[in-house]
Amino acid sequence: MANFADHQRRTSHMTLIKSISGIRGTVGGQPGSSLTPIDIVKFTAAFGQMLLAEEPEKKVVVIGRDARTTGPMITQLVAGTLQSLGVTVLDAGLATTPTVEMAVAKEGAMGGIILTASHNPGQWNALKLLNAKGEFISAEQGQQVLTLADESAFPFVEHQKIGQYEERNHYLDDHIQAILDLPWVDVEAIRNRGFTVAVDA
C-alpha cells in the first residue's frame, strides 16, 4: 500500500478537477491546469450567474472555509467575484461544511460555497457548491456551472450595484446551539455522566 509520502509525490504536480460537484485542485501553476486565481474567479462567477438566473430576488450567498493556508486568499477572490455580480456575501469564516449548509437555509440565501479540499493534502483547495436548500447542487446545476465557465459570459454589475460583504462569525455557535436544542439530545444527562472524550485533530 502506498504511504503518505508516495501520495504527496504523486499529487505534487499541478491539478485541476472540474466536476458537477465542484472545482478542486492544487493551488498555483498555470490557469486551466490548476486552481489559480483566474480559475477561482471564473468558476465562482459561473456559479453566481447560475444562482442569479434561478433565484434573482435573493442575491445572497454564504461562504465558509477550512483552516488551509490558502483559505483567506481564496475567500477574498470568491467574495469579490460574487460582489461584482451584485451579490451580498455572508462570510462564516472558519466553519464546518454542515455549518455553512445550515447557514444557507437560515439566511434564505440563494446558495453557498464551502472552501475546503476535505481529506486532500495542504496544497489542495476546492469550491464546493450549495443550492438554496443548503444541499450540494444537482448534476444538472453542476453542468450549467461548467458550461457558463467555458463560455465566460458574465454580466458584472456597475459600481453602484456592487454587492455587500459581511462577516458572520456566529454561525458555528448557532450550529452547536441548534444541536443542543434538539429534543433527542438530553444535555443534562450527558453532562451528568462525566464522559471523557479523546479528540484526534
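The values are calculated or read from the model by the stated rules, or taken from the named source; none is laboratory data. The structure presented is a predicted model; accordingly, all values stated were derived computationally and were not measured. Cβ atoms come from the backbone with ideal geometry, glycine included; neighbour counts cover every protein chain shown. For accessibility, only protein heavy atoms count, side chains too; no ligands or nucleic acids. Shrake-Rupley method; radii C 1.70, N 1.55, O 1.52, S 1.80 Å.
The string of couplings for region 19-36 from the Karplus curve (6.51, -1.76, 1.60, θ = phi - 60°) is 9, 5, 8, x, 10, 9, x, 7, 7, x, x, 9, x, x, 10, 7, 8, 9 Hz, one whole number per residue in order, with x for Gly and Pro. Computed over region 153-201, the quotient of the alpha carbon radius of gyration and 2.2 N^0.38 Å is 2.17. Ranked by the mean number of other Cβ atoms within 10 Å of their residues, highest first, the peptides 118-128, 42-52, 66-76 come out as 42-52, 118-128, 66-76. Were the residues from residue 201 through residue 182 laid out at 0.36 nm apart, the gain over their Cα-Cα distance would be 4.2 nm. For region 51-145, the relative contact order works out to 31 percent when only alpha carbon pairs closer than 8 Å and six or more residues apart are counted.
Summarising the strand pairing of the chain, around 50 percent of its internal DSSP beta bridges are antiparallel. One entry in (1) 1, 7, 15, 19, 21, 17, 11, 6, 1, 0; (2) 1, 7, 15, 18, 18, 14, 10, 7, 5, 3, 1, 0; (3) 1, 8, 17, 22, 23, 18, 9, 3, 0 is P(r) over Cα pairs in 5 Å bins from 0, in percent calculated from the shown coordinates; its label is (2). Contact order, relative form, for region 51-98: 50 percent (alpha carbon pairs under 8 Å, 6 or more residues apart, mean separation divided by residue count). With contacts taken as Cα pairs under 8 Å and at least 6 residues apart, the chain reaches a relative contact order of 25 percent.
Proximity of backbone amide H atoms, modeled 1.01 Å from N, is registered between residue 22 and no other residue at under 5 Å, excluding neighbours fewer than 5 places apart on the same chain. Run the helix sum for the chain: -39,500 (n - 2.57) per DSSP H stretch of 4+ residues, divided by residue count, reported at 222 nm to the nearest 500 deg cm²/dmol. It comes out at -12000 deg cm²/dmol, rounded to the nearest 500.
The share of accessible area on the chain that comes from carbon and sulfur is 56 percent, using a 1.4 angstrom probe. Taking the average, over residues, of other Cβ atoms within 10 Å as the packing measure, peptides 144-151, 79-86 rank 79-86, 144-151 from highest down. Protein heavy-atom accessible surface, 1.4 Å probe, per residue over the chain: 55 Å². Once all protein chains are placed together, residue 27 keeps about 40 Å² accessible to a 1.4 angstrom probe.
Out of every Cα-Cα pair that region 40-90 contains, those further apart than 14 angstrom amount to 48 percent.
Once backbone amide H atoms are built at 1.01 Å from N, residue 36 has 28 as its partners under 5 Å, excluding neighbours fewer than 5 places away on the same chain. Taking 19 Å as the straight-line reach from the Cα of residue 42, the lysines in range (excluding those fewer than 8 positions away in the same chain) are 18, 59, 128.
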